[in-house]
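Rule-based calculations on the coordinates, nothing more; no lab input. For clarity, every value in this text was computed on a predicted model and none was experimentally measured. Here the Cβ positions follow ideal geometry from the backbone for every residue, glycine too, while neighbour counts run over all protein chains shown.
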2 protein chains.
Amino acid sequence: MSSLSSAELRIPVVTAAAVREFARGGYHGTTIADVAAAARISPAYVFKLFPGKERLFVAALEDCFQQIVETLTIAAEEATGSGPDGILDAMGGAYAQLISDRSLLMLQVHAQSVADVPEIGQALRAGLASVVRLAKARSGASDEAVQRFIAYGQLCHLIVTTGVDDVTDDWAVLVARGIRHPA
Amino acid sequence: MSSLSSAELRIPVVTAAAVREFARGGYHGTTIADVAAAARISPAYVFKLFPGKERLFVAALEDCFQQIVETLTIAAEEATGSGPDGILDAMGGAYAQLISDRSLLMLQVHAQSVADVPEIGQALRAGLASVVRLAKARSGASDEAVQRFIAYGQLCHLIVTTGVDDVTDDWAVLVARGIRHPA
DNA sequence: CTGATCAGTGAGTGACCAATCACTCTATTG
DNA sequence: CAATAGAGTGATTGGTCACTCACTGATCAG
């Protein structure tokens, strides 16, 4: 069994830094230097670990969805026996908690905005596919309920990105009511 | 009554070009030169009409929401007497038709991605506020129904940005079912 | 005609950034 | 002790872009 080289060990560290930095600035608004600084390596070395900015972003996005899938899986297992809607509800709660630091949420929003880059769109669809299939399979809920689960997740993204949860006007309260949002 | 100067007449033309171009490339992915070329003026002249890129983007976003509000208003008026849910449904249909060229939809998605720029976030909240208030006031539907209207609108954005409507897998069909999407 | 105002542009400038390359340093191996 | 391979970086490069400035040409009042 070959042990991991030091470079291979750094890849997940850089990926995690990329998740944070791309979540902050988006694809075009984040530089390789930003990610390198967050990972405490030189910008040049980032290009030895990843072939380019695009692949680095894709790696971050894949990491993001992997965390989501893991979290939802655990939540579904813990809610076994609550019935389909109960399981979906538990998944929603776990998701709300997971994205409380906003990184995983913002990265998805930024990814949507550059989904016309083929590799990024593909990664986004793959991530969405895994989440939808997971929600359907683990909850056993109806297609309509799963679709609603996704729709209200997107509503949650809107609320967070626009900062609606800091507004107390009537319309804002209406939009955010009952949505579990970051503390 | 003073007639509009030729510069004032150009502003809406440039704004319309900005909507199209920013919708294509997003805030960071679109240059002033792109917008200028689409409006058939020189890049330098854009800066005589708008103080900077940020304000130009905000103007485009405001124009986007104004079109949405107008469209929804007309749809609501035409559906008078269909009951709250019928009016909301008519508004949803009108919205689906309006965004069939994707510009108004993509611009909103890109705006979400740069909503941490204060002026853009503010414009986004203002636009969202006007849409929510309009939907509530004209339909008279419950808060829950209006919230669902917004949530499924966001789901529609997700479907279009990720190109899910071109995928025929089970999960994709589930997500997009019943959502009126661009032709 | 004169001069002033406005529309509109070409040619920059300074800053920034993705990607590359040549290089150093360290550790291991024979 | 060489020799080699991998880790890691500094310096650079070629290109892009927001924004500026000095300028031209047109229009029009007096």
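Below, the figures for the structure above:
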quantity: Other copies of B:G83: label-to-label distances in nm, shortest first, labels 7 Å along the beta-carbon direction; calculated: 2.6
quantity: Cα gyration tensor, the protein assembly as shown - rounded (a/c under 1.5), prolate or oblate; calculated: oblate
quantity: Rounded to 10°, Cα long-axis angle of helix B:83-98 versus longest principal axis of chain B; calculated: 40 degrees
quantity: Averaged over A:141-147, number of beta-carbon atoms from partner chains that fall within 10 Å; calculated: 3
quantity: Segment B:84-183: C-alpha gyration tensor shape, a/c 1.5 cut-off, then a/b vs b/c; calculated: oblate
quantity: Estimated translational D of chain A in µm²/s (Stokes, Kirkwood radius over Cα pairs; 4 °C; 1.567 mPa s); calculated: 74 µm²/s
quantity: Under Karplus coefficients 6.51, -1.76 and 1.60, residue-wise ³J(HN,Hα) of segment A:14-29 in Hz, glycine/proline x; calculated: 5, 4, 5, 5, 5, 4, 5, 6, 5, 5, 6, x, x, 5, 6, x
quantity: Protection proxy ranking, peptides B:99-105, B:140-146, average beta carbon neighbours within 10 Å, highest first; calculated: B:99-105, B:140-146
quantity: Degrees separating the helix B:118-139 axis from the principal Cα axis of chain B, which is the longest one; calculated: 40 degrees
quantity: Rounded to 10°, Cα long-axis angle of helix B:53-78 versus longest principal axis of chain B; calculated: 40 degrees
quantity: Cβ-vector label at 7 Å, B:V173, separations to other copies in nm; calculated: 4.4
quantity: Shielding score for A:173-181, defined as the mean number of other chain Cβ atoms within 10 Å; calculated: 3
quantity: Order by protection proxy (mean Cβ within 10 Å, highest first), peptides A:70-83, A:125-138; calculated: A:125-138, A:70-83
